[in-house]
1. Highest mean first, what order results for 93-101, 49-57 on Cβ atoms within 10 Å?
2. Order these peptides, 159-171, 9-21, by their mean beta-carbon neighbour count within 10 angstrom, highest first.
3. With only alpha-carbon atoms counted, please give the Rg and Dmax of the stretch 7-115, in Å.
4. Can you tally the lysine pairs in the stretch 59-128 where the Cα-Cα distance is under 22 Å and the two residues are eight or more apart, or on different chains?
Amino acid sequence: MGEVWKARDTRLGRDVAIKVCAERFSDRFRREARAIAALNHPHICTLYDVGADCLVMEYIEGKPVQGPLPLDQVLKLGAQIADALSAAHRKGIIHRDLKPANILLTGSTGHPGVELLDFGLAKMDRAGDKASEGTLPPAETREGAILGTLQYMAPEQLQGRETDTRSDIFSLGCVLYELLAGR
């Protein structure tokens, strides 16, 4: 959808990440902005601002999670990822592209943590919290369209059927397996 750049916010004296849209500000990009803005969680990146064709987000120092890792570390990181997904699901937001590349490992080796990124394929779950209704515009994808990363997609997602929060849980299982097995 675009490129991400590290930049300096000179007004506030902090580093930020700027995600520049490859085309004009699309509905998919708008949905990503609204999804991130609707969430306030320590393991989900923070949106600071929206420009004409860009998102200005929290800059997170880290690298994508990668296995194999010891079981105790996978359990700690998995709990953080699950907590972030739970917060999104409570708002009726389905990530739909959970994979190691969208989960940054942050902090020191003694106290690692994770940050969930890239809500570009996020959609509103029709069965989600009624209080969050209207947070996101409807998904622009056609019925039967396949979106996501093949290796982490739930069966219903691979078949182009309707996804819900369980699709993210399936992807989380794939990520946890990869963190344990290293493949």
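1. The most tightly packed comes first, giving 93-101, 49-57.
2. The packing order, highest mean first, is 159-171, 9-21.
3. Values for the stretch 7-115 (Cα only, Rg and Dmax): 14.9, 44 Å.
4. Value for the stretch 59-128: 6.
Here, each number is a calculation from the coordinates, and none is a lab measurement. Just so it is clear, the model here is predicted, and its values are computed rather than measured. Cβ atoms come from the backbone with ideal geometry, glycine included; neighbour counts cover every protein chain shown.
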